[in-house]
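The values are calculated or read from the model by the stated rules, or taken from the named source; none is laboratory data. Just so it is clear, the model here is predicted, and its values are computed rather than measured. Backbone-built Cβ (ideal geometry, glycine too); neighbour counts: all protein chains shown. For accessibility, only protein heavy atoms count, side chains too; no ligands or nucleic acids. Shrake-Rupley method; radii C 1.70, N 1.55, O 1.52, S 1.80 Å.
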Amino acid sequence: MRKDTGVEQGRPGIRPTVQETYGPLDLGHQPLFGGGFINFGYWRGIDLAGPLGEDERARSQQALYRHVLDAAGPLRRRQVLDVGCGLGMGCAVALTEYEPDGVTGMDIHPDQLARAREEQAVLLGEQSGRLRFAEGAAEQMPWQDEAFDVVVSVEAVQHFPDLAGFAAETARVLRPGGTVSLTSFFTADEAPGRPEQLAGLLDTYASGLDIARPVTALTEAFRTAGLVEVRTGSIGPEVWPGWDAWLARWWAPGTWPRNFLRAYEDKILDYFVVTALRPLRPAPHPPPSRVPHP
């Protein structure tokens, strides 16, 4: 059982590609990720044949967060942890739309946390005590056991080097009956050679920023950690065509970013929502009844 409530000792370090992408490059303020979110978007209901502007892009990113939050179940009066919170935009959606008791945004990168506190300064002032940001690694979270009712993560798991460690920590910090809901992209199956294929198609895999694994690697890690009712569902049709249409504003066909859609169409890569539950503690067995001897 963890007794620390602040900064953990000896937490995993930031991988160099993650350090650069979310540090000096400041991915969340690039036009590609307009709106402050850092995700590919959930594009259902958005006309991809029409002009796509910043409003449509922001709507897609908000919709992806809402899809994950909805899958987590009712959040009212619950404590929510967002792992890999980035600029805290999803934390703001959760806090203002879902009526939780509190939302904690956790990120491994101190630069991102500084930006999150700046981006959410008004909300932090208005919701003192209900919103906070803290530094921590997915594989070694700085929280006591059973600190949260809900753990969410949006498009961050593809960076985590240790899925087993993340699963174990998720199970530890969840209260009995608590849920985890996340979304990210994974290889479409367990066929050998998928990492090499993706590295040949996409620079983010070649550089090591994204790690190629099947979704079963995560679901098995959750089950091993003691989570139950582990479920997955593909939302690829709602992600990849819209993401490619948005990329077309900057990238021509045949350039490497446009290969995300190609990898999906070739059944190499897909986008999933994964949910699981920490089981309730078993009810204590009643003491055996005493039957008087005749």
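Quickly run through the range 196-211 and pick out the residues that are closer than 10 Å to GLN158 by Cβ and either open to solvent by less than 40 Å² (accessible area, probe 1.4 Å) or in contact with a Leu (Cβ under 7 Å, 6 or more places away or on another chain) (or both).
Correct list: THR204, TYR205, LEU209, ASP210.
Can you confirm whether GLN140 is within 23 Å of LEU209 (Cα to Cα), of a type outside the set (A, V, I, L, M), open to solvent by less than 20 Å² (accessible area, probe 1.4 Å) and touching a residue at least 40 places away in the same chain (Cβ under 8 Å)?
Criteria not met by GLN140.
Filter the range 29-55 down to the residues that are buried (at least 19 other Cβ atoms within 10 Å of the Cβ) and modelled with pLDDT of 95 or more, then identify the one that is farthest from THR183 (Cα to Cα).
By that ranking, first place goes to ILE46.
Looking at GLY102, is it in contact with a strand residue (DSSP E or B) (Cβ under 8 Å, 6 or more places away or on another chain), more than 18 Å from VAL18 (Cα to Cα) and at pLDDT below 95?
In short, no.
Pick from the range 87-107 the residues that are within 24 Å of GLY233 (Cβ to Cβ) and open to solvent by 10 Å² or more (accessible area, probe 1.4 Å): which of them is nearest to the chain's Cα centre (by Cα)?
Only one residue fits best here, namely MET89.
Out of curiosity, is ASP26 among the acidic types (Asp, Glu), at pLDDT 90 or above and open to solvent by 30 Å² or more (accessible area, probe 1.4 Å)?
Criteria not met by ASP26.
State whether one or more residues within the range 212-221 are over 27 Å from GLU20 (Cα atoms) and open to solvent by 30 Å² or more (accessible area, probe 1.4 Å).
yes
Given ARG77, ARG66, which one is open to solvent by 10 Å² or more (accessible area, probe 1.4 Å), among the charged types (D, E, K, R) and outside any loop (DSSP other than H, G, I, E, B)?
ARG66
Which one is modelled with the lowest pLDDT, of the residues in the range 116-129 that are under 22 Å from ARG77 (Cβ atoms) and open to solvent by less than 70 Å² (accessible area, probe 1.4 Å)?
Restricting to residues being under 22 Å from ARG77 (Cβ atoms) and open to solvent by less than 70 Å² (accessible area, probe 1.4 Å), the top hit is GLN127.
Of the conditions (1) in contact with a Gly (Cβ under 8 Å, 6 or more places away or on another chain); (2) within 21 Å of ILE46 (Cβ to Cβ); (3) of a type in the set (A, V, I, L, M, F, W, C), LEU247 satisfies every one except a single condition; which number is it?
So the condition that LEU247 fails would be (1).
Residue-wise test of (1) within 21 Å of the chain's Cα centre (by Cα); (2) open to solvent by 30 Å² or more (accessible area, probe 1.4 Å); (3) closer than 25 Å to VAL152 by Cα.
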| position | (1), (2), (3) |
| --- | --- |
| PHE185 | yes, no, yes |
| THR224 | yes, yes, yes |
| SER234 | yes, yes, yes |
| GLY242 | yes, no, yes |
| TRP246 | no, no, no |
| ALA252 | no, yes, no |
| GLU265 | no, yes, no |
| LEU277 | yes, yes, yes |
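When you look at GLU135, is it at positive phi and touching a Pro at 6+ places or on another chain (Cβ under 8 Å), yes or no?
no
Would you mind listing the helices (runs of 4 or more DSSP H) fully within the range 195-284 where at least 1 residues are over 21 Å from VAL68 (Cα atoms) and touching a residue at least 60 places away in the same chain (Cβ under 8 Å)?
Those helices (runs of 4 or more DSSP H) span 215-224, 236-247, 259-265.
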